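Everything below concerns the one structure shown next.
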Amino acid sequence: MSASREPDEATFRRQRRWINVIVSGVLVVVLAGVTVITVTQLLAGAPQPGSAAAVRPTPTPIPTPTMDPFVARELRTALHKVRALPGVASATDHITLTYTQTGPDDPLGGNDLLGGGYGSSTAPPLDHTFHSQFAVAMTPAATAAQTAAVVLALGRTVGWTGVDLALTTPPAAGRVATSQFWSGTFDGNVGEDNATGVSNGLFALATTPGVQTLDAGIPYTGRVDYGSLTIGLSPADDATKARVLAVVATTAFADTTLHGSFGNGAKP
């Protein structure tokens with residue numbers, strides 16, 4: 001009498017039982033009542049050991065531009081001096097600080113005057129720079145001499161090409177408003193002759209009949225004749241032009257490029 005045989009499938013389940021389950025990247029093996037867990041991935045997208053993505057460089061912090069204390073003190077002193085001058089209604093100084101990272105072969109890298117020097121350090125060279133924009137408004141009663149004093153105060157206090165000056169006088173009885181802009185001239189290029197010459201010339205033109213607007217720009221060289229003069233006329237007829245040109249010829253703007261109602265071309 002032969003012994004009864006259970007189906008092969010039942011025997012297989014009784015003698016050996018195993019289950020393979022893969023859930024979210026985790027392989028679970030159940031063998032003879034022992035659970036073995038093999039972790040293949042803990043987080044989706046996480047780099048595996050030994051991969052290039054597993055080593056990430058520490059990000060370099062963005063440096064904060066700094067200004068040399070000597071320069072900052074010089075600019076503050078200049079602003080205080082200007083505000084104390086007669087005829088000044090208001091004065092502000094807007095300072096912008098920036099930095100640039102230079103290459104290792106840049107001969108100027110780090111050799112600036114505003115705290116960006118790196119010397120023997122292995123840190124990347126940084127050039128810290130500044131731009132100072134003085135804006136000064138005069139009172140309606142301010143004279144040409146008082147206006148020139150503002151330019152001279154800056155010229156005698158600061159010594160940097162990164163300093164500009166926008167100087168305005170409001171209109172007064174018999175005189176139109178004037179504007180003068182000095183671009184980067186305050187490094188020794190502003191003398192008494194051109195400071196007083198510009199202010200005197202503008203005031204002379206501001207009282208000339210037919211002149212409606214008046215703006216002068218002085219370049220970083222301090223050369224008035226290489227600057228610009230913008231004159232708006234009304235009426236812009238030949239007689240008015242001739243009268244104004246005659247006044248220009250007696251001022252520091254005699255050889256300056258004219259704009260506006262005049263078109264004698266730009267200097268080379």
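A few notes on this one:
- Given (1) in contact with a Gly (Cβ under 7 Å, 6 or more places away or on another chain); (2) in contact (Cβ under 8 Å) with a residue 40 or more places away in the chain; (3) open to solvent by less than 50 Å² (accessible area, probe 1.4 Å), number of the condition T240 does not satisfy: (2)
- Looking only at region 162-189, and only at residues there that are among the hydrophobic types (A, V, I, L, M, F, W, C) and surrounded by fewer than 23 Cβ atoms within 10 Å (Cβ to Cβ), the one that is farthest from A142 (Cα to Cα): F181
- The set of residues in region 151-172 that are over 15 Å from S132 (Cα atoms) and either in contact with a His (Cβ under 9 Å, 6 or more places away or on another chain) or in a strand (DSSP E or B) (or both) comprises T168, T169, A172.
- When region 216-235 is filtered for residues that are over 23 Å from A135 (Cβ atoms), over 30 Å from the mean Cα position of the chain (by Cα) and open to solvent by less than 60 Å² (accessible area, probe 1.4 Å), only L233 remains.
- Scan region 160-181 for residues that are in contact with a helix residue (DSSP H, G or I) (Cβ under 8 Å, 6 or more places away or on another chain) and in contact (Cβ under 8 Å) with a residue 40 or more places away in the chain and the total you get is 2.
- Identity of the residue in region 64-88, in a loop (DSSP other than H, G, I, E, B) and among the aliphatic types (A, V, I, L, M), that ends up surrounded by the fewest Cβ atoms within 10 Å (Cβ to Cβ): A84
- Residues in region 194-215 that are assigned to a strand (DSSP E or B) and without any contact (Cβ under 8 Å) to a residue 40 or more places away in the chain were compared, and the one that is farthest from the chain's Cα centre (by Cα) is V211.
- Given (1) crowded, with 22+ Cβ neighbours inside 10 Å; (2) of a type in the set (V, I, T); (3) in contact (Cβ under 8 Å) with a residue 60 or more places away in the chain, number of the condition T157 does not satisfy: (1)
- Looking only at region 230-245, residues that are in a helix (DSSP H, G or I) and among the polar types (S, T, N, Q) come to 1 in all.
The values are calculated or read from the model by the stated rules, or taken from the named source; none is laboratory data. Keep in mind that what you see is a predicted model, and the values were worked out from it rather than measured. Ideal geometry is used to build each Cβ from the backbone, glycine not excepted, and the neighbour counts take in all protein chains shown. Protein only, heavy atoms only, side chains kept; ligands, DNA and RNA dropped before computing areas. Shrake-Rupley method; radii C 1.70, N 1.55, O 1.52, S 1.80 Å.
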